[in-house]
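Just so it is clear, none of the values below were taken in a lab; they were calculated from the coordinates. Bear in mind the structure is a predicted one, so any value in this text is a computation, not a measurement. Positions of Cβ are backbone-derived with ideal geometry, glycine not excepted, and every protein chain shown enters the neighbour counts.
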Amino acid sequence: MQGFCELCKNYSQLEESHFIPKFIGKWVKKTSITSFLRNLDDMSKRVQDTAKEYWLCGDCEDLFSGWETKFANEIFFPFVEKGESVANYGEWMSKFCASISWRTLTYTRSQKLNEGRSKEYYEALNSAEKHLANYVLGKIDNLNQYEQHVFPLPEIDSTTYDGLPPNINRYFLRTLQMGVIGDFTDLTDLFVYTKVPSFIILGCIKAKDLPKMRSSRIALKSGTISPRKYWWPSGFAKYVLEQADTVNHSFNNMPQEHIDKIEKAIADNPEKAANSKLIEAFLHDYALFEDKVFK
Ligand SMILES: [Zn+2]
């Protein structure tokens, strides 16, 4: 299909590509139990992991895939498969995160998910999108206010906080989500939110407490991701927990015939079930909440 590439704006042959990198959706499917349980995962992330469109030219697609491969091999798989929690990164990481935030912004716009907001809101989003595009294309070498932040999400087996939804581990470790979050009225805080298994990538559009967020900031040239004290912007934790809770409701309202199918899938192939990452996340939830996970 011929058209204008969304990123470089050149008219050329467009390729069908994913908004959230394809290897992530593939990993979620691979680590589910059955094709049916795959749909269960889908309920929680809606259709976003499979969302794809003809929107990038071959050159831009290649640019993205280089950074994706680095992130996949040096951070994502070591964390989700081997349980590692420390990783060093080079310049590719800030490019990767900027490309993810740019993709989420483009997706949000293409889905018309943010209609009916103020002129200033759209201007802020447009400026962010342009700046991120110029950064990933190498036309500018600084992110300025559009800093990229990464929050690794651990498995939670114990907590002193009693407001956690009983599927928090499944939300942290399994779901995918994209959106723009923050304060939509006075626009003092506005972020691009991309949730993938075990990580949140947060792109700043406007952040009133930017200096406090240093610990999660991705350095432009090189840095380390490691367990540390992360500072979450105001309202951010509440938003994340609400998202987990929304996902929980769709699980709770599952029809009996679906529950029967899951039980049968586990009975038919217990070994695969025992090794699946979905069950692993579920067991972390069970460790935390015991019987409440079934409610
Ligand atoms: Zn292009």
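The table below lists the values:
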read-out	value
13 Å beta-carbon shell around Y239, net charge (K/R +1, D/E -1)	-2
Residues of segment 51-71 with amide N under 19 Å of a point placed 7 Å along Cα→Cβ from Y11	54-60
Chymotrypsin sites (Phe, Trp or Tyr not before Pro) restricted to segment 149-180 and DSSP loop, no more than 15 other C-beta within 10 Å	Y161
Folded to 0 to 90 degrees: helix 256-268 orientation relative to the chain principal axis, Cα	80
Greater than 28 Å apart at Cα, pairs in K30/K195; K70/K112; K112/K292	K70/K112; K112/K292
The chain: angle of helix 35-45 to the longest principal axis, Cα-based, in degrees nearest 10	50
Summed residue charge, Cβ within 12 Å of L153's Cβ, Lys/Arg positive, Asp/Glu negative	+2
Helix 277-289 axis, angle to the chain major axis (alpha carbon atoms, nearest 10°)	70
Three-way shape label, the chain, alpha-carbon gyration tensor, a/c 1.5	prolate
Distance between modelled label sites at F184 and L241, nm, 7 Å Cα→Cβ extension	2.2
Distance between segment 91-146 and segment 206-239 - C-alpha centres, whole angstrom	18
Within straight-line cross-link reach of K206, aspartates and glutamates at Cα separation under 14 Å, skipping those fewer than 8 residues along the same chain	E120, E123, E129, E147, D183, D186, D189
Within the chain, helix-based [θ] at 222 nm, where runs of 4 or more DSSP H residues each add -39,500 (n - 2.57), nearest 500	-14000 deg cm²/dmol
Loop trypsin sites (Lys or Arg not before Pro), segment 121-184 (other Cβ atoms within 10 Å of the site Cβ: 12 or fewer; DSSP)	K139
Reach of K212 by Cα under 21 Å, taken over lysines that are not fewer than 8 positions away in the same chain	K221, K229, K238
Nearest-20 debye value, the chain charge dipole, Cβ charges on Lys, Arg, Asp, Glu	440
Highest-fluctuation residue, C97, C204, C60 considered, GNM on the chain with Cα pairs under 10 Å	C60
Among S158, I218, F199 - extreme Cα towards positive end, dipole of segment 128-257, charges at beta-carbon	I218
